[in-house]
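Engineer: One structure is given below, represented as structure tokens, and several questions about it will come after.
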Amino acid sequence: MSGEGGPSPAAEGVLAADSALDLGTLRDVLGFHVTLANITTVGLFERHVGQPFALRKAEYSLLMLLLANGSTPAKRLARTLRLSAPAFTMLIDRMQDKQWLRRERNPADRRSQLIVLSADGQALARRAQAASKTMEASLQRRLSRAERAMLIELLAKLSGHRDDESDDATPS
């Protein structure tokens, strides 16, 4: 305590740390808010899916895409996940080593490969998908159904992701 009966400078620092900071310019920096939301969602992912199933985010995402779409050309998956060819190859190699998927020649275009879930990969994908529902429920409690739909739409717009557009198309 200071001599006048008020808090000491050290105590004032603790009090200031306990109250909300003025975000200043960060209040309007979209990337800052996206980063904070990412920290929350990654933490939930790790707790519900990542640690229990020893899955990385990219592995989980690829499993979910294959579960939803079946055999899919490698290039299309890499483009959807925004992975470079070398990074995607490393991901596929790692998952193939774990026997979660395999590569097959595309019968429609022998120059390309299809990525196919193995029986083990399909079982893992279904278990991870079920576990992700509790993760999503935790997030859904924070938003109304309309807010969640709007957030997904806005994030898709920011990421430039459109299911029916090519990568070089400009977003509207």
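The values are calculated or read from the model by the stated rules, or taken from the named source; none is laboratory data. Worth saying up front: this structure is predicted, and the values here are computed from it rather than measured. FYI the Cβ positions are ideal-geometry reconstructions off the backbone, even for glycines, and counts take in every protein chain you see. These accessible areas exclude ligands, DNA and RNA; they are computed on the full protein's heavy atoms, side chains included. Shrake-Rupley method; radii C 1.70, N 1.55, O 1.52, S 1.80 Å.
Engineer: Can you give me the distance in nm between label points at residue 64 and residue 105, each placed 7 Å from the Cα along the Cα-to-Cβ direction?
Structural biologist: 3.4
Engineer: Here's a follow-up. Mind checking the dipole of the range 36-97: about its Cα centre, +1 per Lys or Arg Cβ, -1 per Asp or Glu Cβ, Debye to the nearest 20? Don't skip to the answer; put the middle values down first.
Structural biologist: Values: 8 positive and 4 negative charges, 49 e Å.
In debye, rounded to 20, the range 36-97 gives about 240.
Engineer: Could you list which residues have their amide H under 5 Å from that of residue 118, counting only those 5 or more apart in sequence or on another chain, with H placed in the peptide plane?
Structural biologist: 101, 102
Engineer: Another question about this same structure. What Kirkwood radius, in Å to one decimal, follows from the Cα pairs of the range 46-164?
Structural biologist: It works out to 15.6 Å.
Engineer: Further question: Per-residue accessible area for residue 150 at 1.4 Å probe radius, Å² rounded to 10?
Structural biologist: Here the accessible area works out near 100 Å².
Engineer: Sticking with this structure for a sec: When the chain is fully extended, how far beyond the present Cα-Cα distance does residue 118 get from residue 23, taking 0.36 nm per residue of separation?
Structural biologist: So the extension gain works out to 29.4 nm.
Engineer: Can I ask one more? Quick check for you: with a 1.4 Å probe and neighbouring chains kept, what is the accessible area per residue of the range 54-117, in Å²?
Structural biologist: 59
Engineer: Charges only on Cβ, +1 for Lys and Arg, -1 for Asp and Glu: so what's the dipole of the range 116-156 about the Cα centre, in debye to the nearest 20?
Structural biologist: My answer is approximately 200 debye.
Engineer: Of 143, 35, 114, which is farthest on the positive side of the dipole of the range 14-148, counting Cα position, with +1 on Lys and Arg Cβ, -1 on Asp and Glu Cβ, and the Cα centre as origin?
Structural biologist: In the range 14-148, that residue is 114.
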